[in-house]
Amino acid sequence: MCLFLNFQELKAQEAQKWRDSLQILNEKIRLNPSSTDLRLKKAAVNIELAQWEYAADEYSRVLQLEPKNLAALYFRAYVNTTLRHYDLAKYDYEQFLSVMPKHFEAMVGLATVKRKMGRKVDALDEMNKIVQLFPDSTLAYALRAGYEVELEQYEPALFDWDEAIRREPKNADFIVSKIDLLVTMKRYEEAREVRKEAIKRGVPSAALRIQIP
């Protein structure tokens, strides 16, 4: 109980620091309302305080002042994704990518938004593009594998989990995902072999606890 109370106290202190920062920034913005730098800092504090609507409004003000401000576009897309305003997030990511077409995080953001919108073909196309542009990225393969499992495209997903694991052979989350997929496919012996080989590579057995029939 004491540890819990200490944690809660630390969280409260941290939140108070952000609120203090917000108060200072609000005063500075009042004196210099056209400063996009101050408004970007305020929006970042709004995010820290989970004040998502305020953050979105602040990024919109920045974009009124500087329509091509990439930081405001990117983070407003992130905020709108959190708020489930997917159409708005999609627009911002697309605007951002029209200027920086090979920005990995923005491409992942757009693919994720299309996935959440249920635009299956478009989302998978975006993920394919990410893998093509970033063939050495573990996250690119893992992102696509997770979606392929959701679409019940199991063989392509298995390929992508293999590619992710080849790049990060001790990533327990990836290995568990592959084992879980093999279980779904009722390839139980392969699942056991994957776990056994992972333990040989030094992955802790406790991290690979998954029921295999």
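Where in the stretch 50-125 are the helices (runs of 4 or more DSSP H), entirely inside, with at least 1 residues that are under 30 Å from PRO156 (Cβ atoms) and charged (D, E, K, R)? Don't jump to the end; show me each part of the working.
Details: elements: 52-65, 70-82, 86-99, 104-116.
Answer list for the stretch 50-125: 86-99, 104-116.
In the list LYS90, LYS114, LYS102, LYS120, which residue meets the criterion of being touching a Leu at 6+ places or on another chain (Cβ under 7 Å) and either crowded, with 21+ Cβ neighbours inside 10 Å or among the β-branched types (Val, Ile, Thr) (or both)?
Values: LYS114 fails: touching a Leu at 6+ places or on another chain (Cβ under 7 Å); LYS102 fails: either crowded, with 21+ Cβ neighbours inside 10 Å or among the β-branched types (Val, Ile, Thr) (or both); LYS120 fails: either crowded, with 21+ Cβ neighbours inside 10 Å or among the β-branched types (Val, Ile, Thr) (or both).
Every option except LYS90 fails the conditions.
Coordinate-derived values only; no laboratory data. Since this is a predicted model, take the numbers as computed values, not measurements. When we count neighbours, we look across all protein chains shown, and the Cβ atoms used for this are built from the backbone with ideal geometry, even at glycine.
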